[in-house]
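K.L.:
Below is one structure. I have some questions about it.
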Amino acid sequence: MFESLSDGLQGAFKSLSGKGKLTESNMREGLELVKQSLLDADVSYSVIEEFMSHVSERALGKRVLLSLRPHEELVRIVHDELVSLLGPVDTSLHLKKDGPTIIMLCGLQGSGKTTTCGKLAQLLLEENIKPLLVAADLQRPAAIEQLHVIGRQLNVPVYSDSENKNPVQVCKAGVDKANAEDARVVILDTAGRLAIDDELMAELQRIDKRVSPDQVYLVVDGMTGQDAVQSAGAFNEALELDGVVMTKLDGDARGGALLSVKHVTGVPIKFMGTGEHFDALEPFRPDGMASRILQ
Ligand code: GDP
């Protein structure tokens, strides 16, 4: 992952490190390479502009240019700026003390919502917390069965009602069942579409309003690059998001989407999906991610 980003940055830093002390024009060259590598990694233009203006301001300061190892200073500045853009850290699910905490997952079809339901359930089971999954994706015929398969694999209860075509009612009935069964967390697997449309958003808004989830997480496919930014913007406008789960970061995904989605939504990146198995969910760590970008 981040190959082009890190290759580009490596090139930038290597070319600077051979130069000993730096002039302002050397440093500007290095900064141009940093900018190009972020562009190559699909980071959106507005994010790059803001990023570069902060980094340039610091990198072109006298203290950096006159320091013994200015290229290392530049690496540190770029790293710090990445960490600050990707943070602050909040990977808590904010579970309530009383009654079940309702977590709603939303996102485009194929982004990894249903898989993430299973991953979150596994995470909760490891903490001895009982989850219940609700099959509220009534658009994709196989989604209900897919969730039941996950429930059986993890030995976690799943609520579904294939006769009911109203997702609000299904979610409410799922929450009632969680109350009756003393489940501490209800995870709503909502419908997605291949592209954003008004009907999908209206359905999600109805669930949001009538079921009042405690946490609303957007699940974003990390392999979709710039498209991820557009869909994240649309979901963010329609719903009050509390966090983002970015999936498929195990492949050759362009990590730039993480920066852009964080910028567009302003909410914390909660988790990263790093595989198809239930244990392939990592709490998001900006510091680790920034280091990986700079490797
Ligand atoms: P949904 O339509 O949003 O519910 O998406 P699914 O959960 O059905 O996931 C779509 C596909 O992506 C499935 O084949 C999943 O196995 C796969 N998938 C989900 N998360 C990840 C991930 O983090 N890494 C990889 N490699 N595949 C994933």
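The values are calculated or read from the model by the stated rules, or taken from the named source; none is laboratory data. Keep in mind that what you see is a predicted model, and the values were worked out from it rather than measured. Here the Cβ positions follow ideal geometry from the backbone for every residue, glycine too, while neighbour counts run over all protein chains shown. For the accessible areas, the whole protein counts, side chains as well, though only heavy atoms, and no ligand, DNA or RNA atoms are used. Shrake-Rupley method; radii C 1.70, N 1.55, O 1.52, S 1.80 Å.
K.L.:
Just wondering, is there one or more residues in the stretch 236-246 that are surrounded by fewer than 19 Cβ atoms within 10 Å (Cβ to Cβ), modelled with pLDDT under 95 and under 19 Å from Asp42 (Cα atoms)?
P.N.:
The answer is no; no qualifying residue exists.
K.L.:
Another question, if that's okay. Go through the stretch 190-229 and give me each residue that's of a type in the set (Lys, Arg) and not in a loop (DSSP other than H, G, I, E, B).
P.N.:
Arg206, Lys209, Arg210
K.L.:
Just to check your reading of the model, which residue among Leu85, Leu120, Leu132 is touching a Gly at 6+ places or on another chain (Cβ under 8 Å) and of a type in the set (A, V, I, L, M)? Reasoning before the result, please.
P.N.:
Working: Leu85 fails: touching a Gly at 6+ places or on another chain (Cβ under 8 Å); Leu120 fails: touching a Gly at 6+ places or on another chain (Cβ under 8 Å).
Exactly one of Leu85, Leu120, Leu132 is touching a Gly at 6+ places or on another chain (Cβ under 8 Å) and of a type in the set (A, V, I, L, M), namely Leu132.
K.L.:
Ok, one more. Filtering the stretch 264-276 down to residues that are free of Cβ contacts under 8 Å to residues at least 40 places away in the same chain and within 16 Å of the ligand (Cβ to nearest atom), which residue is most open to solvent (accessible area, probe 1.4 Å)?
P.N.:
Filtering the stretch 264-276 for residues that are free of Cβ contacts under 8 Å to residues at least 40 places away in the same chain and within 16 Å of the ligand (Cβ to nearest atom), the one most open to solvent (accessible area, probe 1.4 Å) comes out as Thr274.
K.L.:
Filter the stretch 109-140 down to residues that are open to solvent by 40 Å² or more (accessible area, probe 1.4 Å) and within 12 Å of the ligand (Cβ to nearest atom), then give me how many there are. Reasoning before the result, please.
P.N.:
First pass over the stretch 109-140, keeping only residues open to solvent by 40 Å² or more (accessible area, probe 1.4 Å): 109-110, 115, 122-123, 125-128, 130, 138-140.
Next cut, within 12 Å of the ligand (Cβ to nearest atom) only: 109-110, 115, 139-140.
Count: 5.
K.L.:
Select from the stretch 234-263 the residues that are within 11 Å of the ligand (Cβ to nearest atom) and in a loop (DSSP other than H, G, I, E, B) and list them in ascending order.
P.N.:
Quick first cut of the stretch 234-263, residues within 11 Å of the ligand (Cβ to nearest atom) only: 245-253.
Scanning the stretch 234-263 gives Lys248, Leu249, Asp250, Gly251, Asp252, Ala253.
K.L.:
Another question, if that's okay. Checking Cys106 against (1) at pLDDT 80 or above; (2) open to solvent by 30 Å² or more (accessible area, probe 1.4 Å); (3) in contact with a Ser or Thr (Cβ under 9 Å, 6 or more places away or on another chain), which single condition isn't satisfied?
P.N.:
(2)
K.L.:
Out of the residues in the stretch 38-70 that are open to solvent by less than 30 Å² (accessible area, probe 1.4 Å) and modelled with pLDDT under 75, which is nearest to Asp227 (Cα to Cα)?
P.N.:
Ala41
K.L.:
Let me spell it out: the conditions are (1) more than 16 Å from the ligand (Cβ to nearest atom); (2) in contact with a Ser or Thr (Cβ under 7 Å, 6 or more places away or on another chain); (3) hydrophobic (A, V, I, L, M, F, W, C), and Ile196 meets all of them except one. Which number is the exception?
P.N.:
Unmet condition: (1).
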